[in-house]
Amino acid sequence: MKDYEFISYTQYPEDQYVNASCKLRVMGRFVVTYVEKKNTKSGGTFWDTMSSGMTVQGEKKYAKAFKDPLIEEEEITDFIRANVKRVTASPSALQMSGSIANPYPHLQNGVAENESVPF
């Protein structure tokens, strides 16, 4: 498994298109939001990165906010599902990791802990 860290999970019971969102740290430096989208035709759901839709020459096109060819989508969605299951089974699991209070544990007031300040 690649370098993923589960940061947060939020549900949206009132939204007709999105069931939930989660933030992940990918490769130790990118914070990416994935959303659990509702399939309005089948009633199912699926995880995908956030995207924006726009009309180009009369056709609806979608642009993803984050796409890395080195990340296998099935691997990352399995990681998300496992962590969502863990967090929803025990809501304190995410809080105990410290991720809610400080989503960047390697930073201290915006300065990397292992960096020395030159002044």
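Within the stretch 25-49, being in contact (Cβ under 8 Å) with a residue 24 or more places away in the chain and not in a strand (DSSP E or B) holds for MET27, GLY28, THR40.
When we screen TYR34, TYR104, TYR9 for residues that are surrounded by 12 or more Cβ atoms within 10 Å (Cβ to Cβ) and at pLDDT below 85, the only hit is TYR104. Of LEU70, LEU94, all but one fail to be in a loop (DSSP other than H, G, I, E, B) and at pLDDT below 90; the exception is LEU70.
Scanning for something surrounded by 10 or more Cβ atoms within 10 Å (Cβ to Cβ), in contact with a helix residue (DSSP H, G or I) (Cβ under 8 Å, 6 or more places away or on another chain), under 13 Å from SER8 (Cα atoms) and modelled with pLDDT of 85 or more, does the stretch 78-86 turn up at least one residue? Looking through the stretch 78-86, at least one residue is surrounded by 10 or more Cβ atoms within 10 Å (Cβ to Cβ), in contact with a helix residue (DSSP H, G or I) (Cβ under 8 Å, 6 or more places away or on another chain), under 13 Å from SER8 (Cα atoms) and modelled with pLDDT of 85 or more. Among the residues that make up the stretch 49-60, is at least one of them modelled with pLDDT of 75 or more, closer than 21 Å to GLY28 by Cβ and in contact with a Ser or Thr (Cβ under 6 Å, 6 or more places away or on another chain)? Within the stretch 49-60 (the criterion being modelled with pLDDT of 75 or more, closer than 21 Å to GLY28 by Cβ and in contact with a Ser or Thr (Cβ under 6 Å, 6 or more places away or on another chain)), the answer is yes, since at least one residue qualifies. Scanning the stretch 13-24 for residues that are free of Cβ contacts under 8 Å to residues at least 24 places away in the same chain and either over 18 Å from GLY53 (Cβ atoms) or in contact with a Pro (Cβ under 7 Å, 6 or more places away or on another chain) (or both) gives PRO13, GLU14. Among residues of the stretch 37-76 being within 29 Å of ASP3 (Cβ to Cβ) and acidic (Asp, Glu), the one that is surrounded by the fewest Cβ atoms within 10 Å (Cβ to Cβ) is GLU74.
The values are calculated or read from the model by the stated rules, or taken from the named source; none is laboratory data. Everything numeric in this text was worked out from a predicted model, so none of it was measured. Note that we place each Cβ from the backbone using ideal geometry, even for glycine, and neighbour counts take in every protein chain shown.
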